[in-house]
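Taking it in order: structure first as structure tokens, then the write-up.
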Amino acid sequence: MKFIEKNFKKGDRVMVAVSGGPDSMCLLHTLLKLQKKLNLTLIIAHVNYKLRGKDSDADQKLVENFAKQHNLACKVKEVKGFSLSDSNLEAKLRKIRYDFFEEARKKYKADKVVLAHTLNDQVETVLMRILRGAGLRGLRGMLKERGKIVRPLLDFNRQEILDYCKENKVEFHVDRSNYDKKFFRNQVRHQILPFLEKYSPDLRLNLKRLGKLAQRDYDFIQKSAQKELKKLILEDTKSDLVLDYKKWLKLDPALQYETLRQAVLKIRGNLTGIKLVHWEEVISVLRKGVGNKQKALPGGLKIELRSGRIKIVHSS
């Protein structure tokens, strides 16, 4: 695969998230074929959520057997205590999954964590984010590279994956929960997308294009904001950041938002819990600019406007 050969360095230690489904087994098989050429060290990471009884255990066994057959390290996390009736199950399992990947990556000193999301997943993600009211940043969908996480299959659709598995005799299991309409993604996949395609046959192509255009435009805004933020900073300590309010006020509205977002990220290290409504409230307060103002944000953050200075304070 050209993307892997171009973006992976020789000698990389690569952790592959493998569920046992066609997408991840295809990815693992592809990496295995490139292992010798690129001198890759492959480590498998698998999560067994114990949600489907014997089927979940069978997936784990498939992955472990593959690892043993090809002499690969395999790290497995078994999760207990959840059921398909749990509220907000998708988000809870996603957090468990990504926390585990990061924990395992550090343990094995992996250079990359490789996920098997496909073009189908990308199209569904963009539509889900439209339905949830995402801004330009959210409409990018999933990124091929984000930190240590890499998604080499984002340009390949599911049928291409299945064809590859058939041609190369790659064994995989089908997760029946992928058809459970309880999950929002499955509703989008099996109901909403097919319904909308009756009125827009090119919907999937359009959503793919939208994601790429959003990524292009947001990248420009992000890079521009990084340059502007350097000009705005008056003071920079570990616990707070002070910006020039008058210079910030002269920025384009898109850059006002993005410089604040990046300033908070710089101080806090993440944006967990901060939603679009929080940013809108903060910017509304700052733009009014009458007297001293203060706005609290989730995660122990405060943004203060005082004497022509925006002070961002992280107290926890």
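The values are calculated or read from the model by the stated rules, or taken from the named source; none is laboratory data. Keep in mind that this is a model prediction, so the values were computed, not measured. Cβ sites come from the backbone with ideal geometry, for glycine too, and all protein chains shown count toward neighbours. Surface areas here come from the heavy atoms of the whole protein model, side chains and all, with no ligands, DNA or RNA. Shrake-Rupley method; radii C 1.70, N 1.55, O 1.52, S 1.80 Å.
The set of residues in the stretch 1-33 being assigned to a helix (DSSP H, G or I), at pLDDT 95 or above, under 19 Å from LYS148 (Cβ atoms) and of a type in the set (A, V, I, L, M, F, W, C) consists of LEU27, LEU28, LEU31. Output yes when any residue across the stretch 103-114 is touching a Lys or Arg at 6+ places or on another chain (Cβ under 9 Å) and without any contact (Cβ under 8 Å) to a residue 40 or more places away in the chain, and no when none is. Checked the stretch 103-114: at least one residue is touching a Lys or Arg at 6+ places or on another chain (Cβ under 9 Å) and without any contact (Cβ under 8 Å) to a residue 40 or more places away in the chain. Taking each residue of the stretch 282-303 that is closer than 19 Å to PRO253 by Cα and looking for partners that are open to solvent by 70 Å² or more (accessible area, probe 1.4 Å) and aromatic (Phe, Trp, Tyr) with beta-carbon atoms closer than 8 Å, six or more apart or interchain, yields nothing.
Could you tell me whether any residue of the stretch 144-153 is free of Cβ contacts under 8 Å to residues at least 24 places away in the same chain, closer than 29 Å to GLY11 by Cβ and part of a loop (DSSP other than H, G, I, E, B)? Yes; the residues of the stretch 144-153 include at least one that is free of Cβ contacts under 8 Å to residues at least 24 places away in the same chain, closer than 29 Å to GLY11 by Cβ and part of a loop (DSSP other than H, G, I, E, B).
I need the full set of residues from the stretch 156-204 which are closer than 21 Å to LEU93 by Cα and assigned to a loop (DSSP other than H, G, I, E, B), in order please. Passing the criteria: HIS173, VAL174, ASP175, ASP180, LYS181, LYS182, PHE183. Among the residues making up the stretch 276-309, those that are open to solvent by 70 Å² or more (accessible area, probe 1.4 Å), of a type in the set (Lys, Arg) and closer than 16 Å to LEU243 by Cα are ARG287, LYS302, ARG306, ARG309. Checking the stated criteria, ASN65 turns out not to satisfy the condition of being more than 25 Å from the chain's Cα centre (by Cα), at positive phi and open to solvent by 20 Å² or more (accessible area, probe 1.4 Å).
If the condition is being within 12 Å of VAL126 (Cβ to Cβ) and open to solvent by 50 Å² or more (accessible area, probe 1.4 Å), then the stretch 193-207 contributes ARG204, LEU205, ASN206.
Tell me which residues, restricted to the stretch 131-155, are among the basic types (Lys, Arg), open to solvent by less than 30 Å² (accessible area, probe 1.4 Å) and out of contact with any helix residue (DSSP H, G or I) (no Cβ under 6 Å at 6 or more places or on another chain). Residue satisfying the conditions is ARG151 alone.
Scan the stretch 251-270 residue by residue and report those that are open to solvent by less than 50 Å² (accessible area, probe 1.4 Å) and assigned to a loop (DSSP other than H, G, I, E, B). Matches in the stretch 251-270: LEU251 only. Restricted to the stretch 156-177, and to residues there that are of a type in the set (S, T, N, Q) and touching a residue at least 12 places away in the same chain (Cβ under 8 Å), the residue that is least open to solvent (accessible area, probe 1.4 Å) is SER177. Please work out if LYS208 is farther than 17 Å from ALA116 by Cβ, without any contact (Cβ under 8 Å) to a residue 12 or more places away in the chain and assigned to a helix (DSSP H, G or I). No; evaluated as a whole, the condition is false for this residue. Restricting attention to the stretch 238-250, the residues that are under 29 Å from the mean Cα position of the chain (by Cα) and part of a loop (DSSP other than H, G, I, E, B) total 2.
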